[in-house]
Amino acid sequence: MANINLSEISGLIKEQIKAYKEDIATENVGHVVKVGDGIAIVHGLDKAMASELLVFPNDVYGMVQNLEEDCVGVILLGECSKVKEGDLVKCTGRILEVPVGDDFIGRVINPLGEPIDGLGPIQANGSRPIEMKATGVMDRQSVCEPLQTGIKVLDALVPIGRGQRELIIGDRQTGKTSIAVDTILNQKDQNVICIYVAIGQKESTVSNVYETLKDNDAMKYSIIVSASASNPAPMLYLAPYSGVTLAEYFMFSGKDVLIVYDDLSKHAVAYREMSLLLHRPPGREAFPGDVFYLHSRLLERAAKLNDELGGGSITALPIIETQAGDISAYIPTNVISITDGQIFLQSDYFYKGIRPAINAGLSVSRVGGAAQTKAVKKVSGTLRLDLASYHELESFTQFGSDLDAVTKAKLDRGKRTQEILKQDLHKTLNMEEEAMILYALTHGFLDNIPVEALAKYEESLYIDMKTSDDGKKLVETLRLTKTLPDSAKMDAYLTEFNKKFM
């Protein structure tokens, strides 16, 4: 038997003792005391942070929403049925994040960034917290670049700029979503990434939007974030924040983004449901007092970055549904005060066949002419006045038959203005077509065309602009300079076209 060297053994033991490190990990663990309706009350998480991600059994996650003296209120981001009273809950030390990346373009995802279109997993470039402080004033620049909607009445009367927040508001079934979808369709070849956030919509409605975008080759630059009506309230609450987090990823990459929130009325209702379940005190219309902050911190993240930060932008089109046209209700007035203007859709106009059913008197853009090309700005100067005069005179003259020549002329111009500003669904126009038809309208070239023939006239004009030599030259000038060509050339072309049309 070999001799045991006691000094060597003691030396090894001493080295191991020196190298020993005390590695004790502590976890902040609590247990569920109450669960239901997508909400869990957890006791024991005394070190939990607001908006922190929590882990429940069965791979269910939650987000801290309420911090109280002896417990925390948590919104569940999975199947509520998998969580029961007594379950252990662990803190992660991380704020809730969603994955971001270029591969999300063309896909349909849920508010957690998971694909729901059956096209396989998405390779993310990283992740970003869903709650981020909005870009500061010094990091922004003024809105000056137009975002063309392709809808004549909007580009002429309520222009939208890249980096603006423009509210679309009106009763249900008045064409709010159609305006947003048409705006997305018009961004083809405009170097704009579009994100459509569906909040509380029926799955069939979201599917129709997807098919429309796909059929018009718009999904190649679009993302759909869907929290349908069948999802629990916490998912509806997260959806717009997930959408704008994705939008910020692209904005800080120097790209322009258009994001549509359809709609924030349902978002506010989902937040009210969560708040009442968490026993927060109700206020006006049973909404909690911080419902204004809910939307202001969301919409403030829309911005036009300065050139040092890449010059990217997020343009937000939030949608709000009114009841019986009441724009003085709590949520509509909140969002009106946060945004840079509103597009008001009136149901009376919609039922009369005036589509898009935009009320020019109540619709406004606070960015205004700064977000218009010079050509459209010049030809749209009198349109709002013509429409306002027409609607006022129409109500006065419907019971009278004897009209003087001036009144008749105003009524005729107003009728033609209203007719020309009508536009079919998904038939967007480019800037050159808008400028040409509005020039013809405001300079009297349509005064001798019967109102019922104006649609045919407009269609024929667009064809002639693409086929005749004079039309091509004018279009080229408009496209390159964004300003109106010489008025003599415009007048000569339209006079000749009118002869051909008549």
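Only one entry in 125, 58 is under 26 Å from residue 163 (Cβ atoms), open to solvent by 90 Å² or more (accessible area, probe 1.4 Å) and touching a residue at least 12 places away in the same chain (Cβ under 8 Å), namely 125. Among the conditions (1) open to solvent by less than 10 Å² (accessible area, probe 1.4 Å); (2) in contact (Cβ under 8 Å) with a residue 60 or more places away in the chain, the only one that residue 240 does not satisfy is (2). Cβ separations smaller than 9 Å between residues 6+ apart or across chains give the following pairs from segment 467-479 residues that are in a helix (DSSP H, G or I) to residues that are crowded, with 20+ Cβ neighbours inside 10 Å and β-branched (Val, Ile, Thr): 478/373.
Can you pull out the residues in segment 374-383 that are at pLDDT 85 or above, open to solvent by 20 Å² or more (accessible area, probe 1.4 Å) and touching a helix residue (DSSP H, G or I) at 6+ places or on another chain (Cβ under 7 Å)? Talk me through it step by step, then tell me what you get.
Residues of segment 374-383 that are at pLDDT 85 or above, as a first pass: 374-380, 383.
Pick out the ones that are also open to solvent by 20 Å² or more (accessible area, probe 1.4 Å) and you get 374, 377-378.
Across segment 374-383, the qualifying residue is only 377.
Among the residues of segment 200-213, is any modelled with pLDDT of 95 or more, of a type in the set (D, E, K, R) and open to solvent by 10 Å² or more (accessible area, probe 1.4 Å)? Checking segment 200-213: at least one residue is modelled with pLDDT of 95 or more, of a type in the set (D, E, K, R) and open to solvent by 10 Å² or more (accessible area, probe 1.4 Å).
Per-residue answers, yes or no, for (1) farther than 23 Å from residue 311 by Cα; (2) free of Cβ contacts under 8 Å to residues at least 12 places away in the same chain:
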position: 156; (1), (2): yes, no
position: 163; (1), (2): no, no
position: 179; (1), (2): yes, no
position: 183; (1), (2): no, no
position: 211; (1), (2): yes, yes
position: 216; (1), (2): yes, no
position: 226; (1), (2): yes, no
position: 229; (1), (2): yes, no
position: 253; (1), (2): no, no
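The lone criterion from (1) touching a strand residue (DSSP E or B) at 6+ places or on another chain (Cβ under 8 Å); (2) under 24 Å from residue 36 (Cα atoms) left unmet by residue 295 is number (2).
Being at positive phi and either among the charged types (D, E, K, R) or open to solvent by less than 10 Å² (accessible area, probe 1.4 Å) (or both) holds for only one residue in 155, 189, and it is 189. Within segment 482-491, the set of residues being touching a helix residue (DSSP H, G or I) at 6+ places or on another chain (Cβ under 8 Å), open to solvent by 60 Å² or more (accessible area, probe 1.4 Å) and either in a helix (DSSP H, G or I) or of a type in the set (Ser, Thr, Tyr) (or both) comprises just one member, 489. Does residue 397 satisfy the condition of being open to solvent by 20 Å² or more (accessible area, probe 1.4 Å) and hydroxyl-bearing (Ser, Thr, Tyr)? So residue 397 passes the test.
Within segment 193-229, the set of residues being in contact with a helix residue (DSSP H, G or I) (Cβ under 7 Å, 6 or more places away or on another chain) and either among the β-branched types (Val, Ile, Thr) or within 18 Å of residue 79 (Cβ to Cβ) (or both) comprises 193, 195, 197, 199, 209, 212, 223, 224, 225, 226, 227, 228.
With the condition being closer than 30 Å to residue 211 by Cβ, I'd like the strands (runs of 3 or more DSSP E) fully within segment 57-147 carrying at least 3 qualifying residues. Write out each step before concluding.
Details: elements: 60-67, 71-76, 88-95, 97-100, 126-129.
The qualifying strands (runs of 3 or more DSSP E) are 97-100.
Just so you know, in segment 255-285 the residues that are at pLDDT 95 or above and over 21 Å from residue 329 (Cβ atoms) include one that is surrounded by the fewest Cβ atoms within 10 Å (Cβ to Cβ), and it is 255.
Counting the residues of segment 32-55 that are free of Cβ contacts under 8 Å to residues at least 40 places away in the same chain, under 33 Å from the mean Cα position of the chain (by Cα) and assigned to a loop (DSSP other than H, G, I, E, B) gives 1. Among residues of segment 267-292 that are in contact (Cβ under 8 Å) with a residue 12 or more places away in the chain, those with a beta-carbon under 6 Å from a residue that is in a loop (DSSP other than H, G, I, E, B) and open to solvent by 80 Å² or more (accessible area, probe 1.4 Å) at least six positions away or on a different chain give the pairs 277/37. Considered as a group, the residues in segment 307-325 that are within 28 Å of residue 359 (Cβ to Cβ) and of a type outside the set (A, V, I, L, M) include one that is most open to solvent (accessible area, probe 1.4 Å), and that residue is 323.
The set of residues in segment 308-338 being part of a strand (DSSP E or B) and either closer than 16 Å to residue 266 by Cβ or of a type in the set (Val, Ile, Thr) (or both) consists of 314, 315, 317, 318, 319, 320, 321. Would a scan of segment 346-360 turn up a residue that is within 21 Å of the chain's Cα centre (by Cα), of a type in the set (A, V, I, L, M, F, W, C) and at pLDDT 90 or above? Within segment 346-360, one or more residues are within 21 Å of the chain's Cα centre (by Cα), of a type in the set (A, V, I, L, M, F, W, C) and at pLDDT 90 or above.
Could you tell me which of the residues 149, 174, 135 is touching a helix residue (DSSP H, G or I) at 6+ places or on another chain (Cβ under 9 Å), of a type in the set (Ser, Thr, Tyr) and open to solvent by 10 Å² or more (accessible area, probe 1.4 Å)? Show your work before the answer.
Details: 149 fails: open to solvent by 10 Å² or more (accessible area, probe 1.4 Å); 174 fails: open to solvent by 10 Å² or more (accessible area, probe 1.4 Å).
The conditions single out 135.
Can you tell me which residues in segment 75-104 are open to solvent by 50 Å² or more (accessible area, probe 1.4 Å) and within 30 Å of residue 219 (Cβ to Cβ)? The answer is 79, 97, 102, 103. Residues in segment 292-307 that are part of a loop (DSSP other than H, G, I, E, B) and more than 21 Å from the chain's Cα centre (by Cα): 306 alone.
The values are calculated or read from the model by the stated rules, or taken from the named source; none is laboratory data. Bear in mind that the values here come from a model prediction, so they are computed numbers and not experimental data. FYI the Cβ positions are ideal-geometry reconstructions off the backbone, even for glycines, and counts take in every protein chain you see. Accessible surface is based on the protein model in full, side chains and every heavy atom, while ligands, DNA and RNA are left aside. Shrake-Rupley method; radii C 1.70, N 1.55, O 1.52, S 1.80 Å.
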